[in-house]
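Taking it in order: structure first as structure tokens, then the write-up.
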Amino acid sequence: MPAALSSFRICDFTGQLAGAGATKWLAAFGAEVIRIEDPVRQGRWDILRGIGPFVDERRGINLGGAFNNHNTNKLGITLNLRTERAKEILTEIVKQSDVVTENFAKGVLERWGFGYERLRDIKPDIIYVSNCGFGHVGPYSDFKAWGPIVQAVSGLTFASGLPDQPPAGWGYSYMDHTGGYYMVMAILLALIHRRKTGEGQWVDLATTDGALGLNGPSLLDWTVNGRPSRRDGQPHSNRSQMPPMAPHGIYPLAGDDKWIAVACRHEDDWRALVGVVNEAWCSNPSFADLESRLDAQDALDEGLSTWTAQRSKVDVQNALQEAGVPVAAVLMPEERIDLDPSTADFGLWPTVQHTEIGAVRVDGLPAHFSATEWRIDRGAPCIGEHNEEVLTNLLGLGADEIADLRSDGVI
Amino acid sequence: MTALNGLRVIELASEPIALAGKLLADMGADVILVEPPGGDACRNYPPFLDDQPGEDRSLFWWHYHTSKRGVVIDLDEPSGRDRFRALIATADVLLEAQPRARLATLQLDYDNLVAHRVDLIHVAVTPFGRSDEKSDLPVTDLIVTAAAGPPWSCGYDDHSLPPIRGPHQAYHTASHFAVMSALTAIVHHGITGVGQFIDVSMHAASNVTTEAASYSWLVAGLTVQRQTGRHASVTPSGETQKLCSDGRYANTGVPPRFPAEFARLDTWLKQLELDTELPEAVFLEMGANWEGPFDLAKIGTDDTITAIFSAGRDALKLIASRLPAQEFFVGCQSVGLAVGVVNSPEEAFEDEHFKARGFHVEVYHEDIDRTITYPGAPYQLPASPWQISRRAPKLGEHDAEVWAEL
């Protein structure tokens, strides 16, 4: 099957998840992603390189499980950009690339002598996508960020939690994932624009911008109605205000740390739930219609929690599913990865071959394409693994020259 | 010129894909939103303009349907299906999240539609994918999110409190993948002229958006446990969310770990005259003078490294308790530490940084003679800028205009 993006080459400085996750998508669709790392620091700018999880007791710069997960199907080369020769090589690579990607702090690439102006001198229609927490413009553009910082500043952390509790936030870097998704969109949009106009551009991507926009309706409630999200009783993020639903939440099951989500979209769902639960509290007049139930959600949640807490996941899920009520247990990683036919049948956990790690499973992509299906089969590159391949095939260097580059500390 | 100028997208109105249509429309695609008679349910979602309900007053609707045109088609009527086919003949992309069997029953599935548009890109979003019978079960955003795993990682140290989901999390993530998929197919179509069918699973999308929860299990068979305001972790980690003097919180993310960071933090602590309140401040000086790599992997086993690392956390906690959250945030960043104030959405929106980046976008609503301030662009493409080209459509607002074009 043809690959959708096989005609593109990406000169890739990204790392962590927010950047590397983006170019992972491009590589899965056949783009040639050349990941460039610093040989002096053994690529450690990417803090995921060489840290766990590990498949076994072995440790090392090439064995990090997270790094492998985010860098499948990419090529990896090393360039010591403190040297002039490495800068010449990078210049040649840029000349033959469609896109330059990075998620450094503002100004790093510029300091190396490869800011947008220079990149454009090298290749006039180059697309340059910089991805950092606060962007390259604005009072906070020199500030540093990780996913949790982006989530905090942009309102997402605040919006996730229970009343009278600290923010629960997000137990992972949702905005590293999502920042990567917006980076994919930005790259593809710029490629589409270039195809139509012949014009490249510099895309300034700030993950805090993308994150703040995800609060859209709450922001309009503020700008239009003057209603803040910071108010009594808020946030209560397992409940549903848009649209109003009740009951709507995550309820305890029998056993330790077992939970199930239940949502009643309308009166039919509520009546079906009552038909299954069939306890006296259900006929409380306070629960007679949606408006009453919304006013009495604490009592409603208490009644439903008492019922679910005496039952197993299978019992509650099967009974409510049969009655047509939206329901799903909160799945643990092992349940959704190894025991859920939905993810296995979708092919969501492909196994890749990594040169040192060996065979290991990674996140796949959640879409199937009839004409240009993705492929994730090769593990992340070891440090400098494709130096010979890239320098020979792309730049036409000979074995002696490459040996010199190595002995001179250029690669 | 906008990036997607000249591209026509037909969106069958549905909550899970509303953001996907907006992302394409705000980049210049001609997104035609197709609603059934009576309108899409989201028209009646709160909040409302001036808190008065009405099908054209939903701010939820306003936000997710900017830059789109709107038509009404009754797909349950033969004449409506004819109209839809005529529309598809002019379209580049169909974006839909219909129940799995619905379009086939109406003979409007991909196999039928390619007869009218041979190079159609059809993006179908379903709860569990096209091949999974579970896609026929009723779901909401919460249900998909729970089944896909994110709440397992989100919540509190106290596991007697329920796991937490982020608002609209599953639908947003599904929309992001729908857009990435559509754009990938559009790039391929631009080169080859070939369209295709794309099957996006909401459940799969959230499943691969859980960071370490997935790969800790995939790689090492380890299970993360949720913690208050920070990453779920296989082994418990120190708290990062600090309560500040004004009752608001700040997230300190990754604590100091480089000598220069320990040095600047030590200096700041002294400037604030708080060093005398923290006996452990001596370890900050040791961190500042550390030679060689500061190996975080030795936290918990090497007493000195553990003490230095802990002193960094303790210093931040002390400073946070004496400063308002915004001041703590800016102060930390000024000494080079990646710290974030926990803003509410409106506090973030009113911050000068976002205003300076042009994030406040004014849209004139001629029907109510008011200018409304919307959230701005997720990315800035200067040569092909994001823009809200029009307010969300009223029901059937562009019927005559679109049919005239056909």
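Things worth noting here:
- A single entry from A:Asn73, A:Asn68 fulfils the requirement of being touching a strand residue (DSSP E or B) at 6+ places or on another chain (Cβ under 9 Å), at pLDDT 95 or above and in a helix (DSSP H, G or I): A:Asn68.
- Filtered residues of segment B:140-163 (kept if touching a residue at least 40 places away in the same chain (Cβ under 8 Å), within 7 Å of another protein chain (Cβ to nearest Cβ) and in a loop (DSSP other than H, G, I, E, B)): B:Gly149, B:Tyr156, B:His159, B:Pro163
- Annotation note: of A:Ser173, A:Ser97, A:Ser160, A:Ser154, the sole residue that is farther than 30 Å from B:Ser216 by Cβ and open to solvent by less than 10 Å² (accessible area, probe 1.4 Å) is A:Ser97.
- Taken over segment A:213-245, the criterion of being among the small types (Gly, Ala, Ser), assigned to a loop (DSSP other than H, G, I, E, B) and within 25 Å of the chain's Cα centre (by Cα) is satisfied by A:Ser237 alone.
- Test: A:Arg35 is in contact (Cβ under 8 Å) with a residue 12 or more places away in the chain and part of a loop (DSSP other than H, G, I, E, B): no
- Residue match in segment B:293-311 (condition: outside any strand (DSSP E or B), within 30 Å of the chain's Cα centre (by Cα) and charged (D, E, K, R)): no
- Only one of B:Ser175, B:Ser214, B:Ser181 that is in a helix (DSSP H, G or I), of a type in the set (S, T, N, Q) and either more than 7 Å from every other protein chain (Cβ to nearest Cβ) or under 16 Å from B:Val144 (Cα atoms) (or both): B:Ser175
- A count restricted to segment A:246-274 and to residues that are within 7 Å of chain B (Cβ to nearest Cβ) and in a loop (DSSP other than H, G, I, E, B) stands at 2.
- Single condition B:Glu55 does not satisfy, out of (1) part of a helix (DSSP H, G or I); (2) modelled with pLDDT under 95; (3) of a type in the set (Asp, Glu): (1)
Conditions (1) modelled with pLDDT of 95 or more; (2) assigned to a helix (DSSP H, G or I); (3) open to solvent by less than 20 Å² (accessible area, probe 1.4 Å); (4) polar (S, T, N, Q), marked per residue:
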site: B:Gly80; (1), (2), (3), (4): yes, yes, yes, no
site: B:Arg83; (1), (2), (3), (4): yes, yes, no, no
site: B:Ala104; (1), (2), (3), (4): yes, yes, no, no
site: B:His116; (1), (2), (3), (4): yes, no, no, no
site: B:Ala124; (1), (2), (3), (4): yes, no, yes, no
site: B:Ser131; (1), (2), (3), (4): yes, no, no, yes
site: B:Pro167; (1), (2), (3), (4): no, no, no, no
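- For segment A:137-164, a tally of residues being over 24 Å from B:Pro256 (Cα atoms) and more than 7 Å from chain B (Cβ to nearest Cβ) returns 2.
- Boolean, A:Ile61 is within 28 Å of A:Leu397 (Cβ to Cβ) and surrounded by fewer than 24 Cβ atoms within 10 Å (Cβ to Cβ): yes
- A:Val203 open to solvent by 10 Å² or more (accessible area, probe 1.4 Å), facing chain B (nearest Cβ under 7 Å) and not in a helix (DSSP H, G or I): no
- Yes/no for B:His360 being under 20 Å from A:Gly226 (Cα atoms) and open to solvent by 50 Å² or more (accessible area, probe 1.4 Å): yes
- Residue that is nearest to the other protein chains (Cβ to nearest Cβ) [pool: residues in segment B:217-263 that are among the acidic types (Asp, Glu) and in a loop (DSSP other than H, G, I, E, B)]: B:Glu239
- In this entry, B:Ala281 is excluded by the filter for residues that are at pLDDT 90 or above, aliphatic (A, V, I, L, M), open to solvent by 30 Å² or more (accessible area, probe 1.4 Å) and outside the structural domain of B:Ile164 (by TED's automatic domain parsing).
- Where helices (runs of 4 or more DSSP H) fall entirely within segment B:316-366, those with at least 2 residues that are away from every other protein chain (no Cβ under 11 Å) are at B:325-334.
- Extreme residue, farthest from B:Val118 (Cα to Cα), among residues of segment B:190-203 that are part of a helix (DSSP H, G or I) and out of contact with any strand residue (DSSP E or B) (no Cβ under 8 Å at 6 or more places or on another chain): B:His203
- Among the residues of segment A:176-200, those identified as open to solvent by less than 20 Å² (accessible area, probe 1.4 Å) and more than 7 Å from chain B (Cβ to nearest Cβ) are A:Gly179, A:Gly180, A:Met183, A:Ile187, A:Gly200.
- Complete set of residues in segment A:282-291 that are buried (at least 16 other Cβ atoms within 10 Å of the Cβ) and away from chain B (no Cβ under 14 Å): A:Cys282, A:Phe287
- Residues satisfying the stated conditions in segment B:40-86, i.e. more than 14 Å from every other protein chain (Cβ to nearest Cβ) and of a type outside the set (D, E, K, R): B:Gly70, B:Val71, B:Val72, B:Ile73, B:Leu75, B:Pro78, B:Ser79, B:Gly80, B:Phe84, B:Ala86
- Within segment B:57-77, residues that are assigned by TED's automatic domain parsing to the domain that holds B:Pro378 and over 16 Å from B:Gly21 (Cα atoms) reach partners that are open to solvent by 10 Å² or more (accessible area, probe 1.4 Å) and β-branched (Val, Ile, Thr) with beta carbons closer than 8 Å, at six or more positions or on different chains, in the pairs B:Leu59/A:Val224.
- Scanning segment A:14-62 for residues that are among the hydrophobic types (A, V, I, L, M, F, W, C) and more than 23 Å from B:Phe177 (Cα to Cα) turns up A:Ile34, A:Ile36, A:Val40, A:Trp45, A:Ile47, A:Leu48, A:Ile51, A:Phe54, A:Val55, A:Ile61.
- Positions within segment B:95-122 being without any contact (Cβ under 8 Å) to a residue 24 or more places away in the chain and among the β-branched types (Val, Ile, Thr), in sequence order: B:Thr105
- Verdict on A:Glu335 being within 28 Å of B:His203 (Cβ to Cβ) and without any contact (Cβ under 8 Å) to a residue 24 or more places away in the chain: yes
- Residue within segment A:214-233 that is in contact with a Lys or Arg (Cβ under 7 Å, 6 or more places away or on another chain) and either over 19 Å from B:Gly340 (Cβ atoms) or facing another protein chain (nearest Cβ under 7 Å) (or both) present: yes
- Residues (under 18 Å from B:Pro163 (Cα atoms) and of a type in the set (Ser, Thr, Tyr)) located in segment A:278-311: A:Ser305, A:Thr306, A:Thr308
- Residue match in segment B:268-280 (condition: more than 7 Å from chain A (Cβ to nearest Cβ) and aromatic (Phe, Trp, Tyr)): yes
- Each residue in segment B:241-274 was checked for being without any contact (Cβ under 8 Å) to a residue 60 or more places away in the chain and in contact with a Gly (Cβ under 9 Å, 6 or more places away or on another chain), and 7 pass.
The values are calculated or read from the model by the stated rules, or taken from the named source; none is laboratory data. On a predicted model such as this, the values are computed, not experimentally measured, just so you know. Using ideal geometry, Cβ is built from the backbone for each residue, glycine included, and neighbour counts are taken over all protein chains shown. With ligands, DNA and RNA removed, areas are computed over all heavy atoms of the protein, side chains included. Shrake-Rupley method; radii C 1.70, N 1.55, O 1.52, S 1.80 Å.
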